[in-house]
Amino acid sequence: MEMLRRSSVFAAEVMEVFDRSPTDKELVSQAKALCRDYINSRLIRAGVSWSKPEYNVPVPGGRLAEVSTILLRLGDELEYIRPNVYRNIARQLNISLHSETVVTDAFLAVAAQIFTAGITWGKVVSLYAVAAGLAVDCVRHAQPAMVHTIVDCLGEFVRKTLVTWLKRRGGWADITRCVVNTDPSLRSHWLVAAVCSFGHFLKAIFFVLLPER
């Protein structure tokens with residue numbers, strides 16, 4: 001979509017803030033840029049073709065690329081642990097992908113539930129995996145415009161819920177410590193916790209959304 005193409009335009013500006021304390025606005029911009037990269041990676045992996053080749057924007061360089069690479073690597077591990085949890089999200093939630101309101105409400109409901117018991121990097125990775133899984137569903141069901149909606153929703157959720165937590169950790173670059181300072185067994189432990197949490201509340205969200213289906 002258009003937002004995937006536009007990501008390269010402000011990529012340089014987004015990367016500059018890694019050298020200082022980022023503002024709320026910058027953290028949200030970074031979150032959305034990372035979401036575009038994550039979604040684009042999952043669309044390519046799923047073999048989903050786009051109507052225009054320029055939509056497949058390459059991952060920008062610098063620190064943002066490093067963060068994106070680690071986010072995707074952790075996402076790979078998370079999705080490997082439970083391969084079916086982050087696929088067919090729309091079917092699991094039993095929602096229509098033809099309504100922007102339904103998609104928005106469903107994603108924000110899932111996002112809120114992920115962080116009910118607190119914020120961890122494992123849960124942040126889970127949030128991105130959900131966004132990407134839902135985006136793949138949308139494109140497969142001929143609703144590519146919904147990708148823009150999902151990215152915007154994630155950005156808004158980060159602004160309202162995760163910005164303060166991110167600022168305390170110096171920004172998105174803190175996720176690199178999950179790989180550098182955590183051995184594989186411990187990393188798998190908190191990833192499993194994120195998966196179990198998501199799987200547990202999927203059923204709860206299903207009943208919350210039941211009246212709106």
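Rule-based calculations on the coordinates, nothing more; no lab input. Quick caveat, the model's predicted, so the values are computed rather than measured. Positions of Cβ are backbone-derived with ideal geometry, glycine not excepted, and every protein chain shown enters the neighbour counts.
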Honestly the range 84-172 on the Cα gyration tensor test (a ≥ b ≥ c root eigenvalues; a/c under 1.5 rounded, otherwise a/b vs b/c for prolate or oblate) is just prolate
Using 0.36 nm times the number of residues separating ASN94 and THR69, minus their current alpha carbon distance, what extension gain do you get?
5.9 nm
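Can you compute the FRET efficiency between ASN84 and SER21 using 1/(1 + (r/R0)^6), with r the Cβ-Cβ distance and R0 = 41 Å? Round to the nearest 0.05. Walk me through the intermediate numbers first.
Working: r = 40 Å, r/R0 = 0.98.
Approximately 0.55, to the nearest 0.05.
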How big is the range 19-181 by Rg and Dmax over its Cα atoms, in Å?
15.0, 43
Taking θ as phi - 60°, what are the ³J(HN,Hα) couplings along the range 161-168 by the Karplus curve (6.51, -1.76, 1.60), each to the nearest whole Hz, with x for Gly and Pro?
10, 10, 4, 4, 4, 5, 5, 5
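Once you charge only the Cβ atoms, +1 for Lys and Arg and -1 for Asp and Glu, what is the size of the charge dipole of the range 19-181 about its Cα centre, to the nearest 20 debye? List each step's numbers first, then the result.
Numbers: 20 positive and 15 negative charges, 49 e Å.
Rounded to the nearest 20 debye, it is 240 debye.
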